[in-house]
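Notes for the one structure printed next.
Every number in this text was worked out from the coordinates using simple rules, so none of it is lab data. Being a predicted model, the structure only gives us computed values, none of them experimental. No Cβ is skipped: glycine too gets one built from the backbone with ideal geometry, and neighbour counts run over all protein chains shown.
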Amino acid sequence: MNGSAKHSHAGLDEVRNRIADAARAAGRPPQAVQLVAVSKTFHADDIVPVIEAGQTVFGENRVQEAKQKWPQIAERYPAVRLHLIGPLQTNKVRDAVRLFDCIETVDRPKLARALAAEIAATGKVPDLLIQVNTGAEDQKAGVLPDAADDFIGQCRDEHGLSIAGLMCIPPLDEEPSLHFALLRDIAERNSLAVLSMGMSADFEIAVAFGATHVRVGSAIFGTRGQPPA
Ligand SMILES: *Cc1c(COP(=O)(O)O)cnc(C)c1O
């Protein structure tokens, strides 16, 4: 940590200003875009100053890592909300439903079924987003764009899940706007309000394409090291 002032955080302030500018440029109110501060690989020492500067929504990509570091932080800051933004294995569904307020990576029937069972058993209902693999990349999670409508219907009708919206991670080497437009189209035709898209490199473009949530890590926290083992 580099000694942030208690109620100001340079990285956070800059990202917030850029989001607000991008929203205004797109004719959208700045409050229409929620910032999810992606804190993966960072420790409490780095995270707490961002909370102290007013940020309440954070994203983590690994259940295990979140389980190790967030309960102690959340005890001090109960208003914090956590989003799971990485792939979820069915054997971690119990932990995930307990830890996270939003699970952004629902992407297959087996996971939808496990989530429905855990929600029924516990009464805890996280917001759910479906991850769409807009670039149809082999190494990436997410339902394929062609299968998205059916999967959304299946989550709703077969599993009784309330789906809030969609999430995508565009291919690194492609123009992200095509992927953001595709995600927006799938959301529109399925009457889904939430669009989680845009990261440090492209969140302003995502805001122009209607993102309601941007997931920004390095632009706030700085360059990431290796994830903890
Ligand atoms: C790490 C990560 C981010 C944030 O990436 P930055 O480039 O650091 O902003 C956003 N979304 C997902 C799914 C991630 O895993």
Hydrophobic long helices for the chain, i.e. whole DSSP H runs reaching 15 angstrom or more by Cα along the axis with Kyte-Doolittle mean at least -1.0, come out as 10-25, 109-122, 145-157, 176-189
Across Ala121, Ala141, Ala193, the residue with the highest GNM fluctuation in the chain (Cα network, 10 Å cutoff) is Ala121
Flagged as over-length at 20 Å C-alpha distance, from Lys67/Lys124; Lys92/Lys124; Lys69/Lys110; Lys69/Lys140, the pairs are Lys69/Lys110; Lys69/Lys140
Here the net charge surrounding Asn133, from other residues whose Cβ is less than 14 Å away from its Cβ (Lys, Arg +1; Asp, Glu -1), is -4
